[in-house]
1. In a GNM of the chain with a 10 Å cut-off on Cα contacts, which of Asn49, Asn15, Asn63 has the highest mean-square fluctuation?
2. I'd like the chymotrypsin sites (Phe, Trp or Tyr not before Pro) in the chain restricted to DSSP loop residues with at most 11 other Cβ atoms within 10 Å, sorted by number.
3. Tell me, in nm to one decimal, what length is gained between Lys61 and Arg84 on full extension, where the rule is 0.36 nm per residue of separation less the Cα-Cα distance?
4. When we measure straight from the Cα of Lys88, which aspartates and glutamates land under 17 angstrom away, once same-chain ones fewer than 8 places off are left out?
5. Please report the base-10 log of the normalised intensity I(q)/I(0) for the chain, using a Debye sum with one equal scatterer per alpha carbon and no solvent, at each q in 0.13, 0.16, 0.21 (1/Å).
6. Note down the relative contact order for the chain as a percent, whole number, built from C-alpha pairs under 8 angstrom at least six residues apart.
7. Within the stretch 56-81, whose backbone N sits under 17 Å from a point 7 Å along Cα→Cβ of Leu46?
8. Select from the stretch 1-92 those trypsin sites (Lys or Arg not before Pro) which occupy a DSSP coil region and have at most 11 other Cβ atoms within 10 Å, ordered by residue number.
Amino acid sequence: MSYKPPYSITSKILNLVSEISGIVAKLEIYDPKNDPKKRLNYILDLIQNDKFITIKELSEKLNISEKTIKRDISKLKEQNRLQRVGKKGGYWVVD
């Protein structure tokens with residue numbers, strides 16, 4: 001007894017699969033950690049969504065070191081794009 005699926009693979013299905021594969025191959029996977037400008041903007045997006053987010057949390061979300069996050073935050077502060085209000089228990093302000 002052999003199994004027979006409840007469908008048949010037609011040329012139309014094969015063409016659609018081929019078309020979808022081509023589209024998927026062209027998609028760019030967004031990985032901000034590989035592009036410093038995108039990473040800075042992504043950090044700002046994360047901070048805008050949670051003004052109490054910590055450096056550790058940013059590091060975990062981007063899967064990069066805390067040292068890199070601190071360096072990026074310094075750049076954002078130098079560019080007057082980000083401020084920190086208070087120290088521990090403080091919050092971020094995106095300019």
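None of the figures in this text is laboratory data; all of them are computed from the coordinates on show. Computed from a predicted model, the values in this text were never measured in an experiment. Using ideal geometry, Cβ is built from the backbone for each residue, glycine included, and neighbour counts are taken over all protein chains shown.
1. Asn15
2. Values: sites: Tyr3, Tyr7, Tyr30, Tyr42, Phe52, Tyr91, Trp92; in loops: Tyr3, Tyr7, Tyr30, Phe52.
The qualifying sites are Tyr3, Tyr7, Tyr30, Phe52.
3. Full extension of this stretch gives 6.3 nm more.
4. Asp50, Glu57, Glu66
5. Summing over Cα pairs of the chain leads to -0.56, -0.70, -1.02.
6. Values: 60 pairs, mean separation 20.1, N = 95.
Relative contact order, the chain: 21 percent.
7. Residues 56-77 qualify, since their backbone N sits under 17 Å from the label point.
8. Answer in residue order: Lys87, Lys88.
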